[in-house]
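Asker: One structure coming up, written as structure tokens, with questions to follow.
The values are calculated or read from the model by the stated rules, or taken from the named source; none is laboratory data. Just so you know, these numbers come straight off a predicted model, no measurement behind them. In this analysis, Cβ positions are derived from the backbone assuming ideal geometry, glycine residues included, and neighbour counts consider all displayed protein chains. Quick note on the areas: whole protein, heavy atoms, side chains included, nothing else; ligands and nucleic acids left out. Shrake-Rupley method; radii C 1.70, N 1.55, O 1.52, S 1.80 Å.
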Amino acid sequence: MKFLFINGVNLNLTGKREKSVYGTQTLEEINADIAEHFKGDECEFYQSNCEGEICTAIQQAKADAIILNAGAYTHYSLAIRDAIASIQIPVVEVHMSNVHAREEFRSKSVISEVCKGVICGFGKNSYILAAESFKL
Ligand code: DQA
């Protein structure tokens, strides 16, 4: 299978910011672990801090499934929601932290409704669990 992992705003700082929440591994290290886990599959990784660039990546995706951690955009980006709704490729929303155990604003997602499913709270394994769901 071909998986496209998209990370949104501030996720480039993973391993450097809020280490007690997001851990100490960098995004590059997490992506390497994901690629190793799925070594029989094709994995593409994309990160952007820009909402429109994330929409373009979703629009232009060539993959069997998209695993999307939109970061804070999850909570208010109607543009990303519409981009997901515009494509046929299934998208799984993921979060490394358990967004329901944190500030109230993180419990609200404007993208969940147009995603195939949601996985949160398992650190880097949230990405792996989301992709594994397509192999069951
Ligand atoms: C996050 C949770 C979001 O609320 C936050 O804005 C992030 C990361 C997560 O992976 O837990 O940037 O998506």
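Asker: Report the calculated FRET efficiency for D82 and E104 (r = Cβ-Cβ distance, R0 = 41 Å), to the nearest 0.05.
Answerer: Computed FRET efficiency for D82 and E104: 0.95.
Asker: Counting only C-alpha contacts under 8 Å and six or more residues apart, can you give the relative contact order of region 2-135 as a whole percent?
Answerer: 27 percent
Asker: Let me ask something additional. Which percent of Cα pairs goes in each bin when the distances of region 2-135 are cut into 5 angstrom slices starting at zero?
Answerer: With a bin width of 5 Å, the distribution comes to 2, 11, 23, 26, 21, 13, 3, 0.
Asker: Can you work out the FRET efficiency for the pair I89 and L13, with r the C-beta to C-beta distance and R0 = 35 Å, to the nearest 0.05? Write out the running numbers ahead of the final one.
Answerer: On the way: r = 27 Å, r/R0 = 0.78.
Rounded to the nearest 0.05, the efficiency is 0.80.
Asker: 222 nm [θ] for the chain, helices only, -39500 (n - 2.57) per DSSP H run of 4+, per residue, to 500? Walk me through the numbers on the way to the answer.
Answerer: Numbers: 5 runs with 41 residues, N = 136.
Helix contribution divided over all residues of the chain: -8000 deg cm²/dmol.
Asker: Which of these, E104, E44, E53, has the largest mean-square fluctuation under a Gaussian network model of the chain (Cα springs below 10 Å)?
Answerer: Of E104, E44, E53, the Gaussian network model singles out E104 as fluctuating most.
Asker: As a test question: what accessible area, to the nearest 10 Å², does M96 have when a 1.4 Å probe is rolled over all protein chains in place?
Answerer: 10 Å²
Asker: Kindly report, to the nearest 10 Å², the accessible surface of R81 as traced by a 1.4 Å probe over protein heavy atoms only.
Answerer: Rounded to the nearest 10, that gives 60 Å².
Asker: Given axes a ≥ b ≥ c from the Cα gyration tensor, I'd like to know whether region 63-136 is rounded (a/c under 1.5), prolate (a/b larger than b/c) or oblate. Walk me through the numbers before you get to the answer.
Answerer: Values: a/c = 2.39, a/b = 1.11, b/c = 2.16.
Oblate.
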